[in-house]
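These notes concern the structure reproduced below.
The values are calculated or read from the model by the stated rules, or taken from the named source; none is laboratory data. As the structure is a prediction and not an experimental result, all values here were calculated from the model. Methodologically, a virtual Cβ is constructed for each residue, glycine included, from the backbone with ideal geometry; neighbour enumeration extends over all protein chains shown. These accessible areas exclude ligands, DNA and RNA; they are computed on the full protein's heavy atoms, side chains included. Shrake-Rupley method; radii C 1.70, N 1.55, O 1.52, S 1.80 Å.
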Amino acid sequence: MADQQIRFGTDGWRGVISDNFTFKNVARVAQAIADFYSRGQVTPAFGRQGDREQKLQIAVGYDTRFLSEKYAAIVSRVLADNGIAVQLSDRAIPTPALSFAVNRGGMTAGVMITASHNPSEYNGIKIKTASGGAAGTDVTKEVENLIDNPPEKKPSQAAEIIKVDMTKGYVKFLRSYIDIKKLKSARFKVLVDVMHGSGNGFIAEVLKGSKIKLELLRHDVNPSFEGLRPEPVIENLGPTLKRLKEQKFDVALVLDGDADRIAAFSGDGEYIYPQKVLGLLALHLVEDRKMSGGLVKTIVGSNIMDNLAKEFKRELFETPVGFKYISELMLTKDILVGGEEAGGMGFKNYIPERDGSLAGLLLLEMMVDRKKPMLKIMQEMEKKYGRFYYLREDTKLSEGFKLDENKLRAIKELDGKKVVEIKDYDGIKLVCEDGSWLMFRASGTEPLMRVYAESKSLAKTKRLLSQGKGLLG
């Protein structure tokens with residue numbers, strides 16, 4: 001049987017366990033990664049020490065998914081057999097912890113075993129550059145090529161695999177990034193839902209010694225995720241809402257499976273979808289922390305970022321979907337905060353990587369600075385910068401489905417408003433004269449078509465979304 005084709009999507013390679021995500025295919029990808037870095041093909045983020053190339057060292061981490069630890073061991077062994085020194089995490093960790101270890105440890109690269117927010121039957125591999133950011137297509141396309149066209153293997157002396165604790169330095173940095181003195185005296189009651197993922201306990205560790213009362217939800221290891229995907233979208237958060245109704249909390253923070261994404265709830269149970277979290281944190285960093293820098297959103301990002309950038313006279317960058325594009329900007333531009341619609345956010349003076357735990361801690365810091373509950377802060381932001389209703393619905397694609405882009409481009413009106421702009425550099429986005437918009441984009445990690453809509457009215461956004469689903473046929 002011919003080897004299966006492996007392709008990296010929006011954020012790494014993901015596959016169904018024991019279907020295409022097999023021990024053999026994981027080893028093939030690991031060998032291609034070893035071949036890529038052994039050839040000395042480095043990106044500008046890698047750097048060199050003087051005139052000598054840095055010693056090849058790769059950090060390997062893994063999450064709480066089924067067999068993740070075993071896959072990490074396979075990757076580590078393949079890399080070591082190719083003469084690459086390996087630091088292997090001694091426990092399941094968040095993706096940002098792996099990225100931080102790569103950056104601060106002067107490593108050549110990092111490999112993370114995770115399928116992030118995908119359903120439980122999936123696992124995956126993310127590649128991190130020396131900066132700690134997501135590998136761009138300059139890396140992943142070449143790795144794909146090496147999987148399909150492996151070079152002649154040259155004998156090399158096996159290197160060492162060292163198991164290390166990648167959590168201590170990460171937690172220490174988070175404590176230094178936030179104003180821990182302010183938070184120490186705060187008397188918040190906070191619910192943290194880790195969705196059975198690898199973010200378990202890290203926010204609690206950072207807040208150790210404070211007066212904040214923290215309760216964890218879904219913090220046991222459960223590779224089935226109770227039948228729900230570990231993605232912090234409202235349809236997966238029934239248990240969070242149930243706990244909020246049973247007990248009184250000031251705020252609830254929800255992390256995805258590898259803790260690089262976040263959503264939140266106000267104390268009274270109002271869902272704060274990730275786009276609003278991004279707006280809140282931009283507001284906090286600009287107004288409360290007085291920090292400089294531009295703002296970044298993706299093509300499916302909310303219009304609230306446009307309004308904030310205009311008010312603060314900050315440059316606004318718009319990228320395709322995928323945090324790797326935001327990572328690249330953070331390496332080359334003065335970026336204060338950037339985020340994607342699914343809740344991945346990165347911050348200035350940190351690694352060019354998203355971090356759900358840090359985002360959650362900054363929300364708590366904002367509540368301390370403003371001396372107000374989260375719902376009040378959000379309402380004040382929306383009153384000044386606009387309230388936008390943002391919805392997304394995913395449709396499973398049938399085999400061979402192809403989006404009729406010409407049909408979409410021919411649309412002149414949506415819900416009674418003239419279409420004045422079409423953006424097509426990542427999917428198809430139809431923008432109307434009143435600022436409302438409808439967008440179609442195929443998922444880069446699953447066989448799904450994502451339909452997005454946003455307007456200043458919930459009823460209108462629902463109508464736009466319904467119209468979009470109808471256009472899919």
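General observations
- Some residue of region 221-230 being crowded, with 19+ Cβ neighbours inside 10 Å, of a type in the set (S, T, N, Q) and touching a residue at least 40 places away in the same chain (Cβ under 8 Å): no
Listed here are the residues, each with its yes/no results for (1) open to solvent by less than 10 Å² (accessible area, probe 1.4 Å); (2) among the β-branched types (Val, Ile, Thr); (3) within 28 Å of residue 353 (Cα to Cα); (4) modelled with pLDDT under 95.
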site: 233; (1), (2), (3), (4): no, yes, yes, yes
site: 240; (1), (2), (3), (4): yes, yes, yes, no
site: 243; (1), (2), (3), (4): no, no, no, no
site: 252; (1), (2), (3), (4): yes, no, yes, no
site: 256; (1), (2), (3), (4): yes, no, yes, no
site: 259; (1), (2), (3), (4): yes, no, yes, no
site: 265; (1), (2), (3), (4): yes, no, yes, no
site: 268; (1), (2), (3), (4): no, no, no, yes
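- Residue pairs whose Cβ atoms lie under 6 Å apart, sitting 6 or more positions apart in sequence or on different chains, and linking a residue in region 196-209 that is open to solvent by 30 Å² or more (accessible area, probe 1.4 Å) to a partner that is assigned to a helix (DSSP H, G or I) and not hydroxyl-bearing (Ser, Thr, Tyr), are 205/171.
- Subset of region 72-119 [within 21 Å of the chain's Cα centre (by Cα) and in a helix (DSSP H, G or I)]: 72, 95, 96, 97, 98, 99, 100, 101, 102, 103, 104
- All conditions but one from (1) in contact with a Leu (Cβ under 8 Å, 6 or more places away or on another chain); (2) more than 15 Å from residue 390 (Cβ to Cβ); (3) not in a loop (DSSP other than H, G, I, E, B); (4) not basic (Lys, Arg) apply to residue 420; the one that does not is (1).
- Candidates 182, 154, filtered to the one that is more than 28 Å from residue 75 (Cα to Cα), more than 26 Å from the chain's Cα centre (by Cα) and surrounded by fewer than 20 Cβ atoms within 10 Å (Cβ to Cβ): 182
- Of all residues making up region 176-202, the number that are closer than 15 Å to residue 368 by Cβ and not acidic (Asp, Glu): 13
- Selection count, region 427-442, where residues are open to solvent by 20 Å² or more (accessible area, probe 1.4 Å) and in contact with a Ser or Thr (Cβ under 8 Å, 6 or more places away or on another chain): 2
- Filter pass, residue 216 being open to solvent by 10 Å² or more (accessible area, probe 1.4 Å), within 16 Å of residue 357 (Cα to Cα) and of a type in the set (A, V, I, L, M, F, W, C): yes
- Selection count where residues are touching a residue at least 60 places away in the same chain (Cβ under 8 Å), open to solvent by 10 Å² or more (accessible area, probe 1.4 Å) and in a loop (DSSP other than H, G, I, E, B), scope region 353-381: 1
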